[in-house]
Amino acid sequence: MIDTTDDSGGRTVRRYILTGTPGAGKTSILRVLEAQGYGVVEEAATTVIALEQARGEAEPWARPSFVDDIVALQRQRQTRTSAAANIQVYDRSPICTHALSTYLEHPISAALAAEIDRITHERIYERQVFFVRNLGFCEPTAARRISFEDSLEFERVHEESYRAFGYELVDIPAGRLTDRVAAIRNSISRLTS
């Protein structure tokens, strides 16, 4: 269990990570959790991609500095929301960015290594990570140009990264949205009791 107080020094803040295969339904789960009163933090990579594509860069993930842009936004969002809610759910984390860098065959940058050191040393995130499994397909979007077969490889790399950094994966299998949300809520309730 992580005992992290917010910047005002009062409450304990529990930060849980939602990760998994691209297109597995993480955003839908996050929206329901938000509607149910949980603090949520959006995925940074999608925001970085959308911003750079709006500026005319078709494939921002092709440049190595892409990873550092994600790291900077993840850190900004994490520190900005530190006092927002006692329980927060993050759509991806710097460990996901490590998996992305590995998948893209980019070297692990100094900024990414430093951020992973920070979140580890400061125990920012809970060790139990909700791993949302694939739905049997992967719908392409402007930010997600990956085949289902490649998404399964990406899933494997994520799993390896989280295990390598000592996180415990809580499997959220394919199923109805309500069942997946209930599984996460039940796990959070059990872990925080």
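Given H placed on each backbone N at 1.01 Å, which residues far from residue 40 in sequence or on other chains put an amide H within less than 5 Å of it?
Residues meeting the criterion, in which the H sits 1.01 Å from N, are 89.
Using r as the Cβ-Cβ distance of residue 186 and residue 147, and R0 as 45 Å, what FRET efficiency do you calculate, to the nearest 0.05?
Using R0 = 45 Å, I get an efficiency of 0.85.
In deg cm²/dmol, rounded to 500, what helix-only [θ] at 222 nm does the chain give when every DSSP H run of at least 4 residues adds -39500 (n - 2.57) and the total is split over its residues?
Per the formula, -15000 deg cm²/dmol.
Quick query: amide H of residue 128 versus all other amide H atoms, modeled in the peptide plane; which residues come in under 5 Å with a sequence gap of 5 or more or a different chain?
168
Pick out, from 54, 188, 132, the residue whose Cα sits farthest towards the positive end of the charge dipole of the chain, with +1 on the Cβ of Lys and Arg and -1 on the Cβ of Asp and Glu.
Farthest towards the positive pole: 188.
Using a simple charge model, +1 on the beta-carbon of Lys and Arg, -1 on the beta-carbon of Asp and Glu, nothing else, what dipole does segment 24-170 show about its Cα centre, in debye to the nearest 20?
For this selection, approximately 400 debye.
Let me cross-check residue 120: its accessible surface, 1.4 Å probe, with only protein heavy atoms counted, in Å² to the nearest 10?
Answer for residue 120: close to 70 Å² accessible.
The values are calculated or read from the model by the stated rules, or taken from the named source; none is laboratory data. As the structure is a computational prediction, the values presented were derived from the model and not from experiment. Please note: Cβ atoms are built from the backbone with ideal geometry, for glycine as well, and neighbour counts cover all protein chains shown. Surface accessibility is based on the protein's heavy atoms, side chains included, excluding ligands, DNA and RNA. Shrake-Rupley method; radii C 1.70, N 1.55, O 1.52, S 1.80 Å.
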